[in-house]
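All remarks here apply to the structure that follows.
The values are calculated or read from the model by the stated rules, or taken from the named source; none is laboratory data. This structure is a prediction, so every number in the text was calculated from the model and none was measured. No Cβ is skipped: glycine too gets one built from the backbone with ideal geometry, and neighbour counts run over all protein chains shown. Surface areas here come from the heavy atoms of the whole protein model, side chains and all, with no ligands, DNA or RNA. Shrake-Rupley method; radii C 1.70, N 1.55, O 1.52, S 1.80 Å.
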Amino acid sequence: MKHLYLILTLLVLGWPAVLRAQTILMLAGTATSTSTGCAGTVYDAGGTINGYGASQNSTLTLRPTAATGRVSLNFTLFQTEKDYDFLEIYDGISTSTPLLARLSGLEGLNQTYTATNVLGALTLRFTSDASVERAGFAATLSCVPVPASTYTGNVGVGTTQPLEKLQVAGTIYSSQGGVRFPDGSLQNTAALTQQLSLQGSTLSLTDGGSVVLPGDNLGNHTATQNLRLNGRWLSNDGGNEGLRVSNNGNVGIGTASPQTRLHVNGSVRQDTYSSNLVSIPAGAIGTFDWTHNLGYQPTLMIVVDQTGGGGGEYVSHSYEHLSNNITRFYVRNARSSASSFRLHWIRVN
């Protein structure tokens, strides 16, 4: 389609006129560019022949050659995937300026858009999705003069066509007094003397205002990469204690140089389980069940406590799992008289 459009243009305008015109292409991919001129043809990234391509997000700012002109675009070709690929036209030098149009499908065909801002510039932003591309667009670039009424009441120094209440084509020098702004403030220097400081959650500017930053809750964040401690402690108060992880993955608690996968410098407390007082006659074997409802069969470490009686040193013990929730203990008294004792145990997995 663009190829046919180019041939028709050559036939209608003739080769010399076309060759003199400026060809302006938006850059492919994610890019920003600027062009200054008042004649030529503006194309999408596909140029005069190809379509614009998938996943485009390109911005082009068009500026007039002279300050007295305003950029104007007349779209002689416009075809994009409707509701998926868009051309946005802004009245100014960036996408932060007012939006004149957001075009898709065939909406831009034979339409003209002219800058109204004092700089006379237009900014184009073209976006496309990941599939289905159409022919794209072509627009004739020209510049129109600023209406004479624009200058009414304006004062120009060094220019005959001032665009503001006072426009100076040159350097302004103030030997004393400075410049007073609409808010009443007087500025007599452009030097930056202010400093930005952060105290706690308050961000402030010297000779200026301050703002209280919202508190941060790390629990609301999801990590997108590994957490690097860089030889630092993970502690509650920021001191040199708590948890330390070495480069080989060893974890230290209370030590900065863990020598094993888990190295604890200090006491370790494990939740302990205890039986009631058990009394067994001489040479007898006894049993009792522990209902833990853990849902699995834990490995246990057991000790005998003689508190409340005696003869615990003659008692042997073992256990078996009746299910994932119940464990049975066996105790045997090898003493020639009765033994009274308690069992204590911990889970080691």
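Can you report the number of residues in region 187-212 which are open to solvent by 70 Å² or more (accessible area, probe 1.4 Å) and at pLDDT 70 or above?
Number of matching residues: 9.
So, in region 256-293, exactly how many residues are over 30 Å from Leu229 (Cβ atoms) and either open to solvent by less than 60 Å² (accessible area, probe 1.4 Å) or in a strand (DSSP E or B) (or both)?
Looking only at region 256-293, we keep the residues that are over 30 Å from Leu229 (Cβ atoms), and these are 272-293.
If we keep only those that are either open to solvent by less than 60 Å² (accessible area, probe 1.4 Å) or in a strand (DSSP E or B) (or both) too, we end up with 273-275, 278-280, 282-292.
Residues in region 256-293 being over 30 Å from Leu229 (Cβ atoms) and either open to solvent by less than 60 Å² (accessible area, probe 1.4 Å) or in a strand (DSSP E or B) (or both): 17 in total.
What pairs come up if the first residue lies in region 18-33 and is under 19 Å from Thr95 (Cβ atoms) and at pLDDT below 85, the second is open to solvent by 80 Å² or more (accessible area, probe 1.4 Å) and small (Gly, Ala, Ser), and their beta carbons are under 6 Å apart, counting only those six or more places apart or on different chains?
Nothing qualifies.
Name the strands (runs of 3 or more DSSP E) wholly inside region 38-142 in which the number of residues that are touching a Gly at 6+ places or on another chain (Cβ under 6 Å) is 3 or more.
Details: elements: 39-43, 57-63, 69-79, 86-90, 99-103, 112-114, 122-127.
Fully inside region 38-142 and qualifying: 69-79.
Mind listing just one residue for me: the one in region 320-336 that is surrounded by fewer than 18 Cβ atoms within 10 Å (Cβ to Cβ), at pLDDT 90 or above and out of contact with any Lys or Arg (no Cβ under 6 Å at 6 or more places or on another chain) and, of those, nearest to Gly283 (Cα to Cα)?
Looking at the filtered set, the residue picked out is Arg332.
Restricting attention to region 305-319, which residues are closer than 19 Å to Thr272 by Cα, open to solvent by 30 Å² or more (accessible area, probe 1.4 Å) and either at pLDDT below 90 or acidic (Asp, Glu) (or both)? Lay out the reasoning, then the answer.
To start, the set of residues in region 305-319 that are closer than 19 Å to Thr272 by Cα comprises 305-308, 312, 317-319.
From what is left, the residues that are open to solvent by 30 Å² or more (accessible area, probe 1.4 Å) are 305-308, 317-319.
Asp305, Gln306, Thr307, Gly308, listed by residue number.
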